[in-house]
Amino acid sequence: MERFKKLRYLGIASASVLALAACGNTEETSTNGKTVIEFFNQKKEMEGTLEEIIQDFEKSHPDIDVQMTSVPDAGTVLKTRMLSGDVPDVINLYPQNIDFQEWANAGFFYDMTGQDYLDNLKNQYADKYAINGKVYNVPLTANVSGIYYNKTKFEALGLKAPETWDEFVQLVDDIKVAGETPFAIAGTEGWTLNGYHQLSLITTTGSADAANEYLRYSQPSSISADDDILKADAAKLDLLADEGNQQANWKGASYNDAIVAFTSEDALMTTNGSWALAAMRQQEPTFEISTFAFPDEEHGQSATVGAGDLALSIAAETENLEAAETFVAYMTTPEPMQKYYDVDGSPVAVIGVEEDSDSPLKALNELAFTDKHYVWMAQHWTSEDDFFTATANYLMTQDLEALADELNAFFNPMKADLD
């Protein structure tokens, strides 16, 4: 859709000013004549594994020294550096984020379009994040979102993961009949409901683009409680919100509270993304964890939503381009990404990486990089927080009029860029 290719964001510095700031790095060499490149990492929890991968790279490329920067509050640090023109050679960025899109449009990043290493990714995955038809980022892994469930208890109760929406509704009823609680919900942290709500809208409208047509690209104040789309969306949210479907005190629960409620078997399901698995495992649950994708009306149409996670861009003005690109190309090969996957567990876009057939995320990972792996709709929004709040508020009140009003208040300022 053409309008998706020409986003104009409100409240940002002009592209010309940003481009002037993007002076880039100067070429660096160490005392032994090696070319030094900086790799700015935002995956702090994977720092140790990335250090091992860098060491492997340097053994096979003895003329290149990769220096990884991994700092607390990396996103804020990176933004400050980018806007001051101090652009790292290779940067771990999230290509669905607004900052990435603004910086790409402003000329901060090297154009990778047509490079051979992009062919190492499944289903041309880098093209999902192209800006005006050009590739500025290599997404090596992705996150996925869906429903976690207690597989051990499901089997004991004769329950199975649903494949259609009607089966999902029946499953919730069956869980309650068995005397169990269906969902662990973090009522105070609406972001934990984001995947569920986006997938509700995506499956209701047929695609992420169609959902954004309704929300983001419709006329101002056009979202109404009388709309069939919003009514259908609310019905899916009601599966979480209806009385008795949540753990005790869910309205005051945090993300960690919901994780603990699920792993303590106070509820048999919880909605979240692939990133939550590590937190669940830290609780040492005594049952087998599994997942299922968000069901649609028909069999075979279940979906997940997510985006690039370990994803690399190169500074446009770096004088270390050859070395930087050599490192990025290496990261698109199976050897380093197998090592990364074996620790992280998120789906890998690189062809040739063997994924665990017994992974709790198997049902979601199988959809990764397919047409049922939608990119977060906020790729085309200027913010997200108020959407999270609107979702949580609806679960608290089940007030459809209020949901419509909150969505209009959230999306109306973005619609100033509509033709």
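Among the residues here, Ile229 qualifies as on the phi < 0 side of the Ramachandran plot, over 23 Å from the mean Cα position of the chain (by Cα) and surrounded by fewer than 20 Cβ atoms within 10 Å (Cβ to Cβ). Have a look at Asp371, Asp385, Asp405 and point out the one that is in the same structural domain as Lys236 (by TED's automatic domain parsing), at pLDDT below 95 and either within 24 Å of the chain's Cα centre (by Cα) or farther than 24 Å from Thr141 by Cα (or both). Just a single option satisfies the conditions, and that option is Asp385.
Is it fair to say Ala126 is buried (at least 19 other Cβ atoms within 10 Å of the Cβ) and under 21 Å from Leu240 (Cα atoms)? For Ala126, the condition - buried (at least 19 other Cβ atoms within 10 Å of the Cβ) and under 21 Å from Leu240 (Cα atoms) - is not met.
Counting only residues that are touching a Phe, Trp or Tyr at 6+ places or on another chain (Cβ under 6 Å) and either among the polar types (S, T, N, Q) or assigned to a loop (DSSP other than H, G, I, E, B) (or both), segment 119-139 holds 3 of them. Only residues that are free of Cβ contacts under 8 Å to residues at least 12 places away in the same chain and over 21 Å from the mean Cα position of the chain (by Cα): list them for segment 265-283, please. Matches in segment 265-283: Gln282 only. Conditions first: (1) closer than 17 Å to Glu45 by Cβ; (2) touching an Asp or Glu at 6+ places or on another chain (Cβ under 6 Å); (3) not aromatic (Phe, Trp, Tyr). Gln67 passes all but one, so which condition is the exception? Only one criterion is unmet by Gln67, namely (1).
Search segment 376-400 for residues being part of a loop (DSSP other than H, G, I, E, B) and acidic (Asp, Glu), and hand back the single one that is nearest to Ala210 (Cα to Cα).
Out of the qualifying residues, it is Glu384.
For Arg216, the criteria (1) touching a strand residue (DSSP E or B) at 6+ places or on another chain (Cβ under 9 Å); (2) closer than 30 Å to Ala416 by Cα hold in every case but one, which is (1). In this structure, Tyr394 does not qualify as crowded, with 22+ Cβ neighbours inside 10 Å and within 22 Å of the chain's Cα centre (by Cα).
Of all residues in segment 66-86, which are hydrophobic (A, V, I, L, M, F, W, C) and touching a helix residue (DSSP H, G or I) at 6+ places or on another chain (Cβ under 7 Å)?
Across segment 66-86, the qualifying residues are Val66, Met68, Val71, Ala74, Met82, Leu83.
The set of residues from segment 49-67 being surrounded by 11 or more Cβ atoms within 10 Å (Cβ to Cβ) and assigned to a helix (DSSP H, G or I) comprises Thr49, Leu50, Glu51, Glu52, Ile53, Ile54, Asp56, Phe57, Glu58. Of the numbered criteria (1) part of a strand (DSSP E or B); (2) closer than 18 Å to Asp233 by Cα, the one Tyr148 fails is (2). You will find that of Thr304, Thr291, the residue that is closer than 25 Å to Asp119 by Cβ and at pLDDT 95 or above is Thr304 and no other. Per the conditions (1) at pLDDT below 95; (2) among the hydroxyl-bearing types (Ser, Thr, Tyr); (3) over 19 Å from Met377 (Cα atoms), the sole criterion not satisfied by Thr113 is (1).
The values are calculated or read from the model by the stated rules, or taken from the named source; none is laboratory data. These figures come from a predicted structure and were not determined experimentally. With ideal geometry, Cβ positions are generated from the backbone for all residues, glycine too; neighbour counts draw on all protein chains shown.
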